[in-house]
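Visitor: Please read through the structure below; I'll follow up with questions.
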């Protein structure tokens with residue numbers, strides 16, 4: 001009889017569940033949503049390693065900060081793009097600016113974390129996880145606007161707009177009586193389109209002709 005190969009290093013889903021304090025059902029659900037990499041298969045068993053453990057702890061941390069799974073999925077998918085990007089901002093790199101703000105104005109960092117612009121890694125270091133924000137910060141830095149200034153302005157703007165966005169989404173749902181995820185997504189898309197149109201109109205009225213074409217095409 002051929003001897004069985006040894007079990008791979010790692011944890012069974014039950015062991016992982018105990019370590020992270022999350023049910024096996026939720027772990028499988030995260031895997032189905034694409035939030036968690038596939039485990040290593042060994043016969044009929046599946047084994048999870050340090051990567052899965054770190055990812056689940058990161059997801060749990062984000063959930064405690066108030067982010068839903070849709071936001072978390074967007075953060076996790078965009079994070080590698082941001083981590084691999086290197087932008088020359090004349091000595092005031094976004095990462096350095098965020099570190100300075102975290103020390104000097106922690107309330108700004110907490111604000112941007114609430115809105116899903118920044119998340120903290122396993123070491124507790126905040127970083128931008130929205131590629132569009134990183135690009136805009138790099139463009140502004142190239143024009144002489146420090147990333148720290150851009151982040152402070154962005155935080156104030158998001159705090160002002162977020163309540164209105166929530167109110168309008170709730171009003172749309174109340175008027176139609178919709179209760180499923182599909183109409184909610186459609187409502188969100190409607191408001192995003194309308195908001196983008198308003199910003200484009202305001203930019204055209206505020207800035208000289210042609211300066212808005214670069215970001216309009218993004």
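Visitor: Only one of 151, 164 is within 23 Å of residue 190 (Cα to Cα) and in a helix (DSSP H, G or I). Can you tell me which?
Guide: Matching residue, one of 151, 164: 164.
Visitor: Within region 5-63, can you find the residues that are in a loop (DSSP other than H, G, I, E, B), touching a strand residue (DSSP E or B) at 6+ places or on another chain (Cβ under 9 Å) and within 27 Å of residue 112 (Cβ to Cβ)?
Guide: Hit for region 5-63 is 36, nothing else.
Visitor: Against the definition (farther than 30 Å from residue 152 by Cβ, surrounded by fewer than 18 Cβ atoms within 10 Å (Cβ to Cβ) and modelled with pLDDT of 80 or more), how does residue 43 come out, yes or no?
Guide: no
Visitor: Against the condition more than 12 Å from residue 151 (Cα to Cα), over 16 Å from the mean Cα position of the chain (by Cα) and modelled with pLDDT of 75 or more, how does residue 103 come out, does it pass? Before the answer, list the steps.
Guide: Values: more than 12 Å from residue 151 (Cα to Cα): yes; over 16 Å from the mean Cα position of the chain (by Cα): yes; modelled with pLDDT of 75 or more: yes.
Yes, satisfied.
Visitor: Within the group 110, 152, which residue is crowded, with 16+ Cβ neighbours inside 10 Å, farther than 23 Å from residue 38 by Cβ and either modelled with pLDDT of 80 or more or touching a strand residue (DSSP E or B) at 6+ places or on another chain (Cβ under 9 Å) (or both)?
Guide: 152
The values are calculated or read from the model by the stated rules, or taken from the named source; none is laboratory data. Keep in mind that this is a model prediction, so the values were computed, not measured. Glycine also receives a Cβ, built like all others from the backbone with ideal geometry; neighbour counts cover every protein chain displayed.
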